[in-house]
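A short worksheet on the structure shown next.
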Amino acid sequence: MLRSGSPPASPLSFSSTPPSWGWFVLPCPKTISVILASPYGIPDLSHCRCSTPGKVVVSSDLPMGSGLGSSAAFCVSMSGALLTAAGAVSAISGVEGKGWESFGKNDLELVNQWAFQGEKIIHGKPSGIDNAVSTYGSMIKFKKGELTSLKSSNPVKMLITDTRVGRNTKALVAGVSERASRHPDAMASVFHAVNSISEELSSIVELAADDEIAITSKEEKLAELMEMNQGLLQCMGVSHSSIETVLQTTLKFNLVSKLTGAGGGGCVLTLIPTLLSNLVLEKVTAELESHGFRCFKVEVGGQGLQVCQGDCSCFNGDVV
């Protein structure tokens, strides 16, 4: 049994019941036949085969096509499952005492390489960040293929709102490219601003905040950057009326939101300040759900790819 984390910017987990982020149940013991050729310049695993064909059962309540990296969770879990069944990668340690095991750096790199090929098939020209976050977990700064793990001493909590409006990532990405070709100078400025925001946000995330004043100041800076980023995404033409409804609703409660994923519908992230009362959060959630949306309260940063082998009784639907 394999599970992986999922983006937007990192895996998400919380004590409530958020969606499961990609489960792949393998027959126990291993019975999957694996034939992996290598046309992509990564290790040839065609010699790694199990003798008996098997069945893969996919179970996930992660919203699909909504900007939460469901395709990356699928590709990472499937790659991890097949590579584990083939003996190409091996788990090394238990996780949280629940029967889940993690992988070493080299094995994770191999899984990530194969998962990226799957993302290419699905999306055409993906950045690689979704499969990277699903594979490695935690919060990751991703730039030009380089991964940098971000450490935060303070939890970053978000409300994810699923607008239930499907969208096509490949088409939206193509739309941004077309707009950039029509307005190269203006769009270059937009992209530059997005990069500046990302750099500043990654620095702020790692700032130490030891008291309520410092934490509030840190969260206010994050909120401002999220607000600016959303404006730039609107400039790219990837917002949607459903996204705007979420923005206007959360703004009434002085909360800042931004779309995640490719936009055009899908999901929206709302920063939950540490000092925000549960009553206010319940009110904003209720109003969002009155529009037909679906909400999850989550905490940014979590485990990446994990495996449970042999006795699959370790599966627990409450685990993310």
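One residue alone among Met187, Met139, Met158 is at pLDDT 85 or above, buried (at least 17 other Cβ atoms within 10 Å of the Cβ) and over 21 Å from the mean Cα position of the chain (by Cα), and that residue is Met187. Would you mind finding the one in Ile32, Ile42 that is crowded, with 18+ Cβ neighbours inside 10 Å, at pLDDT below 60 and not in a helix (DSSP H, G or I)? Selected residue: Ile32, the only one of Ile32, Ile42 that is crowded, with 18+ Cβ neighbours inside 10 Å, at pLDDT below 60 and not in a helix (DSSP H, G or I).
Scan the range 232-243 for residues that are within 23 Å of Thr285 (Cα to Cα) and surrounded by 14 or more Cβ atoms within 10 Å (Cβ to Cβ) and jot them down. If the condition is that a residue be within 23 Å of Thr285 (Cα to Cα) and surrounded by 14 or more Cβ atoms within 10 Å (Cβ to Cβ), then Ser239, His240, Ser242, Ile243 are the ones that fit. Taking the range 212-303 as the region of interest, the strands (runs of 3 or more DSSP E) fully inside it that hold 2 or more residues being closer than 30 Å to Ser102 by Cα are 267-272, 294-300. Going by what's in this entry, would Leu288 be described as surrounded by fewer than 21 Cβ atoms within 10 Å (Cβ to Cβ), among the aliphatic types (A, V, I, L, M) and farther than 15 Å from Met226 by Cβ? Answer is no for this residue.
Take the conditions (1) in a helix (DSSP H, G or I); (2) outside the structural domain of Leu222 (by TED's automatic domain parsing); Leu147 misses just one of them, which is (1).
Report whether or not Thr148 is surrounded by 17 or more Cβ atoms within 10 Å (Cβ to Cβ) and modelled with pLDDT of 85 or more. When the stated conditions are applied, Thr148 does not pass them.
Condition check ((1) touching a His at 6+ places or on another chain (Cβ under 9 Å); (2) free of Cβ contacts under 8 Å to residues at least 12 places away in the same chain; (3) over 25 Å from Leu255 (Cα atoms)) across all residues:
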site: Ile129; (1), (2), (3): no, no, yes
site: Tyr136; (1), (2), (3): no, no, yes
site: Lys141; (1), (2), (3): no, no, no
site: Leu147; (1), (2), (3): no, no, yes
site: Lys151; (1), (2), (3): no, no, no
site: Ile160; (1), (2), (3): no, no, no
site: Val176; (1), (2), (3): no, no, yes
site: Ser181; (1), (2), (3): no, yes, yes
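Which members of the range 118-145 meet the condition of being among the charged types (D, E, K, R) and within 17 Å of Gly304 (Cβ to Cβ)?
Glu119, Asp130, Lys141
Candidates in the range 63-88 are the residues that are crowded, with 23+ Cβ neighbours inside 10 Å and more than 22 Å from the chain's Cα centre (by Cα); of these, the one that is nearest to Gly137 (Cα to Cα) is Thr84. The requirement of being buried (at least 16 other Cβ atoms within 10 Å of the Cβ) and touching a residue at least 40 places away in the same chain (Cβ under 8 Å) is not satisfied by Gly124.
Are any of the residues in the range 191-198 over 24 Å from Gly261 (Cβ atoms) and either part of a helix (DSSP H, G or I) or not aromatic (Phe, Trp, Tyr) (or both)? The answer is no; no qualifying residue exists.
The values are calculated or read from the model by the stated rules, or taken from the named source; none is laboratory data. On a predicted model such as this, the values are computed, not experimentally measured, just so you know. In this analysis, Cβ positions are derived from the backbone assuming ideal geometry, glycine residues included, and neighbour counts consider all displayed protein chains.
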